[in-house]
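A short write-up of the structure that comes next.
The values are calculated or read from the model by the stated rules, or taken from the named source; none is laboratory data. Bear in mind the structure is a predicted one, so any value in this text is a computation, not a measurement. All Cβ positions, glycine included, derive from the backbone under ideal geometry; neighbour counts span all protein chains shown. The protein model used for the area step is the full one, side chains on, heavy atoms only, and it has no ligands, DNA or RNA in it. Shrake-Rupley method; radii C 1.70, N 1.55, O 1.52, S 1.80 Å.
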Amino acid sequence: MAEVARLLAGRTRDIRLKGNLCRLFRERSWPRTAKIIRAWMTWVALLDVLTLALNAILLPKPIVMAMLAPACILPPAALTTAFVWRKPRAYWLQRISIIAGMLLILLSVALVGVSAGGEFYERHLNIMLFVAITAIIIFGVPLAWTMTVAAIALALYLSFQLLNPNLEPGNAVAATLFFASGIVATVVARRTMTILAQKTFLLELRDRSRVAELADANARLERLARTDPLTGIANRRWMMETLNRLWSGGLNCRGCAMLMCDIDEFKKLNDHLGHAEGDRCLVKVAGIIQSSVNGERDHVARYGGEEFLVVLPGADEREAIATAERIRKSVEAASLPNPASRVGPYVTLSIGVANQPPDKEFISPEQLQNAADAALYLAKQAGRNCVSLHQPGEAGT
């Protein structure tokens, strides 16, 4: 992209594609170029056959017979070139096919007039130049190929004009120079068209890069909007969106469980060890909770200051309690310091569990969350560092 920016910052006429940019431009433009070349070659072959058939009707037989052999060179050469350009092939093979094909086509057109003689001599040499000019204009091939075709056309024209018994050598050279000026102008026009096509290609690359950068920036912003900046796990907003999506997707058919986790005596940890140590504690606890659940199914979010909400889609009561105990024991085993805690010298968790069985009356995510929060309150009352299960109509366990 730095090279793209450099080329676009300069003058249009100075654009020169190199390396990967040149390769990408050829790959991007190949389908259109190949389609044009195939169509041109096919029509030239068809017109050659139709012209020969018309001449056979209108012209004397001796002239037609003189034209026949050189005219038969063109169709195979044109159709072979069209066949080569049916699909991407080696760069050198494409180059040879264009140059050799155009050589045989131009030679065929010239020899038809030379063999017939008379008025056909000069006429077919002019037709040959017209064929060359049309090819130069519409073939979007590299400049070197274009110049080679132009040189072949002028060389054939000059050679056959010098052999023309009805034309003085000086007139032959003058006519060649006259037509050369037209062909040079055509080559310049083709070069300008190619430069403009390359500039369009560069602008497209730049625009695509900007769109990709914008999409990436938007994706990062979206991730930031849904991620807790401290712990790196999901935030409360993302969890609410997830709950709404799960419930609208028919979660009631397979049940769900929620865990409300709260770090015990977290304020004392902050007051005694400082907020930096408190932040480190939150990060480590978040990582422990995340690693203790099924990452492909379960969802974890930082719900508040030191609170974490865990959603277990499809989990029954037994599985929910087992997951909660696994989280609690893992945090306790991590031995994160909290010397001012009344529970113990290390960080502990209290967890409230609420379960929505698939065969019970369906409740909203807010109701299930309130139940988990109520169970967490019971866990705090029970002395902290424990798991409490919400049971409707009971105080909890």
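Projecting the Cα atoms of GLY274, TRP92, ILE57 onto the charge dipole of the chain, computed from C-beta unit charges around the Cα centre, puts ILE57 farthest toward the positive end. For region 1-49 versus region 129-154, the inter-centroid distance based on Cα atoms is 14 Å.
Just how large is the dipole of region 261-314 about the Cα centre, in debye to the nearest 20, putting +1 at every Lys and Arg Cβ and -1 at every Asp and Glu Cβ? The partial results should precede the final answer.
Values: 6 positive and 10 negative charges, 26 e Å.
Using Cβ point charges on Lys, Arg, Asp and Glu, region 261-314 gives about 120 debye.
Using all pairs of distinct alpha-carbon atoms, the Kirkwood hydrodynamic radius of the chain works out to 28.4 angstrom. Against the main long axis of the alpha-carbon atoms of the chain, helix 19-58 sits at an angle near 40°. Only one residue of PHE179, MET258, VAL387 has its Cα farthest out toward the positive end of the dipole of the chain, where Lys and Arg carry +1 and Asp and Glu -1 on Cβ, and that residue is PHE179. The residue among ILE289, VAL353, LEU376 whose Cα reaches farthest toward the positive pole of the charge dipole of region 279-379, with charges on the beta-carbon of Lys, Arg, Asp and Glu, is ILE289.
Using the Cβ atoms and a cut-off under 14 Å, what net charge is assigned to the surroundings of GLN367, where Lys and Arg are +1 and Asp and Glu are -1?
On the way: positive: LYS360; negative: GLU361, GLU366, ASP373.
Counting the neighbours of GLN367, the net charge comes to -2.
Each Lys and Arg Cβ is given +1 and each Asp and Glu Cβ -1; about its Cα centre, the chain then shows a dipole of about 1760 debye. Here the Karplus relation 6.51 cos²θ - 1.76 cosθ + 1.60, evaluated at θ = phi - 60°, turns the backbone of region 182-194 into coupling constants of x, 5, 4, 4, 5, 5, 4, 5, 5, 5, 4, 4, 5 Hz, with x for every Gly and Pro. Each Cα pair under 8 Å and six or more residues apart adds its separation to the average, and for the chain the resulting relative contact order is 12 percent.
The protection proxy used here, the mean number of other Cβ atoms lying within 10 Å of each residue, ranks peptides 233-241, 101-109, 166-174, 73-81 as follows, highest first: 101-109, 73-81, 233-241, 166-174. Total lysine pairs in the chain at Cα distances under 20 Å, for residues eight or more apart or on different chains: 8.
Using the per-residue mean of other Cβ atoms lying within 10 Å as a proxy for protection, in what order, highest first, do the peptides 357-368, 339-350, 146-157 fall?
Details: 357-368: 12.7, 339-350: 17.9, 146-157: 19.6.
Highest-to-lowest ranking by the protection proxy: 146-157, 339-350, 357-368.
Counting only DSSP beta bridges whose two residues both lie in the chain, roughly 85 percent are antiparallel. Other residues within the sphere of radius under 12 Å centred on the Cβ of LEU243, judged by their own Cβ, net out at +1 (K and R +1, D and E -1). Can you tell me the 0 to 90 degree angle between the C-alpha axis of helix 143-162 and the longest principal axis of the chain, rounded to 10? That helix lies at roughly 10 degrees to the long axis.
Each residue was assigned an accessible area with a 1.4 Å probe, and for THR134 the value is about 40 Å². Would you mind checking the tilt of helix 91-116 against the longest principal axis of the Cα atoms of the chain, expressed as 0 to 90 degrees and rounded to 10? It works out to around 20 degrees.
The share of alpha-carbon pairs in region 343-397 lying farther apart than 17 Å comes to 38%.
Give a quick list of trypsin sites (Lys or Arg not before Pro) in region 245-333 that DSSP marks as loop, anything other than H, G, I, E or B, with at most 16 other Cβ atoms within 10 Å. Passing both the DSSP loop test and the Cβ count: ARG254, ARG297.
Taking the Cα centre of region 1-99 as origin and assigning +1 to Lys and Arg Cβ atoms and -1 to Asp and Glu Cβ atoms, the resulting dipole is close to 540 debye. Calculated accessible area for region 18-145 comes out at 52 Å² per residue, all protein chains present (probe 1.4 Å; ligands, DNA, RNA ignored).
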